[in-house]
1. What ranking of 76, 150 emerges when the number of other C-beta atoms within 10 Å of each C-beta is taken as an exposure proxy, fewest first?
2. Over segment 2-86, consider all pairs of different Cα atoms and compute the Kirkwood hydrodynamic radius from their mean reciprocal separation; express it in Å, one decimal.
3. Please order 86, 131, 170 by the number of other Cβ within 10 Å, starting at the fewest.
4. How far apart, in nm, are two points set 7 Å out from the Cα along the Cα-to-Cβ line at residue 54 and at residue 134?
5. Could you line up 152, 44, 60 from fewest to most neighbouring Cβ atoms inside 10 Å?
Ligand SMILES: Cc1cc2nc3c(=O)[nH]c(=O)nc-3n(C[C@H](O)[C@H](O)[C@H](O)COP(=O)(O)OP(=O)(O)OC[C@H]3O[C@@H](n4cnc5c(N)ncnc54)[C@H](O)[C@@H]3O)c2cc1C
């Protein structure tokens, strides 16, 4: 049976696309390499991703995850063809907790959108890739993105305290860490100036999910 037809039966018509414009739009990133996938799946939930990976792993069909498609190294190019898995419809900010400075987000949230949302609650999410208006938290975690602020505050990994991931065999695993890895050492003067709530941390849901746990516990030491 044709791949798109099988996937429509498995996941529903609404999240499957195989028309030429959509395939072309999901064949590359900002690098020069490109290859068209056979089908694009726009997952809307962890369950969609898990069902897709179970099918693809059984049928031995390559799957390439994709966020904003704003990478510079061809990471989301479906080099083996097969299925492009877009996480752009998993774009909800599920929770931003002021008290513990933890956000729970889905992977397709734009980085700039998360930054604005936490700022509205008087929190601060430091990672600032120049592409932040177009790239996603999922892509940031996969590439460990940083920006000018990384010199002082660290990169994406320093703000991830938990992930929910879907393995290739379709198992869903959630891992939570007590503290994020430490950002680069700061001069003592800057440490003293840091407020207890100078940053928020993420917990994101789905194929890439992160918890960002309280950095204030770390700063209090
Ligand atoms: C103009 C411009 C400026 C940039 N500036 C910076 C910068 O300052 N700092 C920096 O670090 N980078 C920068 N980048 C590179 C890029 O924006 C980052 O790598 C960003 O993290 C990519 O995110 P994305 O959502 O576009 O991911 P994509 O390009 O879609 O994917 C990148 C990689 O992540 C994987 N991936 C994406 N989402 C998921 C998911 N949910 N689960 C599993 N894997 C996933 C893909 O398979 C791929 O391997 C820049 C790029 C451009 C074009």
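1. Values: 76 25, 150 19.
So the residues, fewest neighbours to most, are 150, 76.
2. Details: mean 1/r = 0.0788 Å⁻¹.
For segment 2-86, the Kirkwood estimate is 12.7 Å.
3. Details: 86 25, 131 20, 170 17.
In increasing order of surrounding Cβ atoms, one gets 170, 131, 86.
4. With each label point 7 Å from Cα toward Cβ, the separation is 3.7 nm.
5. Values: 152 13, 44 19, 60 7.
With the sparsest Cβ surroundings first, the list reads 60, 152, 44.
Values in this text are rule-based calculations from the coordinates and carry no lab data. The shown structure was predicted, so the numbers you read here are calculated from the model rather than taken from an experiment. Heads up, the Cβs are rebuilt from the backbone with ideal geometry, glycines too, and the neighbour counts pull from every protein chain shown.
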